[in-house]
Amino acid sequence: MLIKSSTYTRDLNEASLFSFPWERMRGKSVLITGACGLICSCIVDIIMHRNEHFDDNITVYALCRNGKAAKRRFLSYFESRQFVFVKQDVCDKIGLESRIDYIIHGASHAHPAAFANDPVGTMMTNFHGMYNVLQFARESGSKRAVFVSSSESYGEITGQVGPVSEDYSGYVNPMDVRSCYPSSKRAAETLCVSFASQYNVDVVVARPSHVYGPSMRSGDSRAIAAFIRNVLSENDVIMKSQGTQVRGYCYVVDAASAILAVMLMGESCNAYNVSDRESILSVKEMADIVAKCGNRNLVISEASVLEKAGFTPVSWQVLDSSKLENLGWKAKTHIKEGISKTLKIMKEASVYK
């Protein structure tokens, strides 16, 4: 849903003031797939904010398969000449005739219920969608394509004493249906560097940690989204596990600005972790924060068979963000403030209603 909130607008303005080489985008075009999703919808917001307040004149091509969802999310942008809605599934060949300067590919099934209900669709969207994007980048002569991958591409992180850097690769069981997501993300990354090697396509990879924020959609089945929905519905926070898994989290506006930093300043054929080094905690600690921010109780409940099918076997998933920070990016909103902001913005904007 369209996010009308003064708090969110201030976040967009702060992201727009990062000392990035924004001039590289001025007057250019950007295709964003999965434009209605958690991270990419925020990227659209930042770019359109730059257009309005900094006269960047960037044309945003927002690709999404759900026209009604796009209209709800980007209602005011449809009136702008700098916003073009592209209704299609990324698994189909991209038929745009316009030359596109930059591409951010974020279309993906990205929450546990989708992995359990549609593992084939999850794999095809990640891999075949990536192929279509890279083929279009090649044909269009795009300056650069950015693949929004995932921290799950690292697999099971074992034997580590600290956050993992981009050269780490852990174990993924190819015979586990739940591996549809990390396996296809890994394969799509390899497809990126293969297109770079064989066809000279300029591509970079961003690997976000666990991202949250007011642009989460109502169908998001990830734990942090479910906890926030509990509070917004004026219910207790219900946790479906003991919450011992440790994760790195990142506020969505920080994650969106990080991906723009990777696009504008990252080195070709490199991957960059997107994570907030000040927001590393267990699922239970995160649930406690959501409950306290919402003045609710934390309750532990048994997960259903379907919910358990979507659970990741990874117990510890913390990323080293040093490589990204060396580009000049830094997370600005840490977990307690981020959860508080998320609840405030979603209430202000009547998101989920």
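Every number in this text was worked out from the coordinates using simple rules, so none of it is lab data. Worth saying up front: this structure is predicted, and the values here are computed from it rather than measured. A quick note on method: Cβ atoms are made from the backbone with ideal geometry, for glycine too, and the neighbour counts reach across all protein chains shown.
Could you tell me whether segment 214-347 comes out rounded, prolate or oblate from its Cα gyration tensor? Rule is a ≥ b ≥ c as square roots of the eigenvalues, rounded for a/c under 1.5, then prolate if a/b exceeds b/c, otherwise oblate.
Verdict is prolate for segment 214-347.
Taking the DSSP beta bridges in the chain as the whole, what percent of them are antiparallel, to the nearest 5?
Taking every DSSP beta bridge with both residues in the chain, the antiparallel ones total about 10 percent.
Local charge sum around Val262 (other residues, Cβ-Cβ under 11 Å, Lys/Arg +1, Asp/Glu -1)?
+2
Do any of Lys87/Lys332; Lys240/Lys330; Lys4/Lys336 go past 29 Å between their Cα atoms, and which?
Lys87/Lys332; Lys240/Lys330
For Lys143, which lysines qualify as cross-link partners when the Cα separation must be under 16 Å and same-chain residues fewer than eight apart are set aside?
By straight Cα distance, Lys143 reaches Lys28.
Based on Cα positions only, what radius of gyration and what Dmax would you give for the chain, in angstroms?
Over the chain's Cα set, Rg and Dmax evaluate to 18.9, 55 Å.
By count of other Cβ within 10 Å, fewest leading, how are Phe20, Phe115 ordered?
Placing the least packed residue first, the sequence is Phe20, Phe115.
Give the Rg/Rh ratio for segment 2-74, taking Rg as the radius of gyration of the Cα atoms and Rh as the Kirkwood radius, to two decimals.
Using only Cα positions, Rg/Rh for segment 2-74 is 0.96.
Over all Cα pairs of segment 199-266, how is the pair count split among 10 Å bins, expressed in % and running from 0 up to the last occupied bin?
P(r) over segment 199-266, rounded to whole percents: 17, 39, 26, 14, 4, 0.
Which order do the peptides 207-217, 326-336 take when ranked by the mean count of other beta-carbon atoms within 10 Å per residue, highest first?
Packing order, densest peptide first, comes out as 207-217, 326-336.
Over the chain, what is the relative contact order in percent, taking alpha-carbon pairs closer than 8 angstrom and at least six residues apart?
20 percent
Only Cα pairs under 8 Å and at least 6 apart count here; give the relative contact order of segment 197-353 as a rounded whole percent.
For segment 197-353, the relative contact order is 35 percent.
Given a cut-off of under 8 Å on Cα pairs at least six residues apart, what relative contact order in percent is computed for segment 98-225?
Relative contact order for segment 98-225 comes out at 33 percent.
For segment 1-157, just say rounded, prolate or oblate: build the C-alpha gyration tensor, square-root its eigenvalues into a ≥ b ≥ c, call rounded for a/c under 1.5, and beyond that prolate if a/b exceeds b/c, oblate if not.
prolate
How would you classify segment 107-185 from its alpha-carbon gyration tensor, with a ≥ b ≥ c the square roots of the eigenvalues: rounded for a/c under 1.5, else prolate if a/b is greater than b/c, otherwise oblate?
oblate
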